[in-house]
Amino acid sequence: MDELKNKLTQLSDRLAQIPTRDWLKIVLVLLGTAFALHRCLLPFRAEYAAREAAGYEAQAGAQHLSPAFREAALLKAIEKYRKILRLAPWETFYHTNLGRIYENKARSANSREEKLYWLDKAEEIRDLCLKISPKSPWYVLHKSDIYLLRAELEEDVEKIAELLNKREQSILLVGQLDPNNAIFQMQVAGLHMNRGELDKAEERYKHVLVIDESMGDAYMNLAEIYRRRGDTEQQMEMYRLAIEKSPSHRNARLNLGIMHEEQGRLSEAIVFYRGEVALDRTNEYAFWVLGRAFHRDEQWENMETAFNRLTMISPNNTDYYLFRAQAQIRQNKIAEALRSLESAQTLRPDDAQIRRNINHLRSL
């Protein structure tokens, strides 16, 4: 024990011999080290907060949870992203998520005041991202969305025109900032399309296809340009290219089938319709067009199958049961047709024609 006391006394004497100037240097070094350590840990703390925010966002999007729980989870996600603003104010990746949440809140809000409240917050974040990275086309594009949302809430005609003009200028700037990005060029092409500048839109869409020939929307929009010009051959060619270059793209087969049917080429149209419904078994309109095509071609069994699918997609549509019954009668499926008509009568109990058809089938 005495030996320990002696060592402590010696240490104390040595420390007392250190000049004040050296003590100041030691303190400054320790403070600098602590500050540097704090700054080095900020990105890790920000990442941890971002992971928590992502978890709350997932809960907010879970439809099986109650609305109150999902709203509380979304507010917690906002709180975490706001924390990241303090921990890593330079990290725009996290801030864009917060801006997106604010924009979605502005879109879903019920009152104009609430919409403006969330929109102000969204614009604050979008402006911060632009301040950090003013040449980023993504952030310029995000700001264009703010202009559009504000225009939708504005009542003054001149201010609406001003906001829409700012939005258009932002989109054009996006195309200049990254001329070789198909997504940004699609935005510019769409702007020209909305303005009715078909030549400029056509040029942009063709440029998009040079960048990425699998961009199905570009083919579909080019087809629309040719439709407006009355160029049927080029319109059909764009649908064919969309099917070839982007096989999973929706509506190309449907539109091409409709054009074939208008030209009296029903069998070819049915092939395209079949291809469309194969892509999406919930596409009500495509099944409706296919079912009517089977009716015209007197393919009663296939017609029954198509309208049977439609009754599953939209079980409250009376016409689907009536068309299915018609196909079943043509196949002499009296019992099945009777059940279809009874389903139609349940939906439309005051329809005298349905009652007459049911009575007629029962007599058979």
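Build a GNM of the chain with springs between Cα atoms under 10 Å apart, and of I160, I354, I132 the one that fluctuates most is I354. For the chain, relative contact order (Cα pairs under 8 Å, six or more residues apart, normalised by length) works out to 5 percent. Given the pairs K159/K200; K143/K200; K83/K115; K135/K166; K76/K105; K115/K143, which are separated by over 19 angstrom at their Cα positions? Result: K159/K200; K143/K200; K83/K115 exceed 19 Å.
Coordinate range of the alpha-carbon atoms in the chain per principal axis, descending: 118, 57, 44 Å.
We did not get these values from a lab; they are worked out from the coordinates using the rules stated. This one's a predicted model, so the numbers in the text were calculated from it and none came from an experiment.
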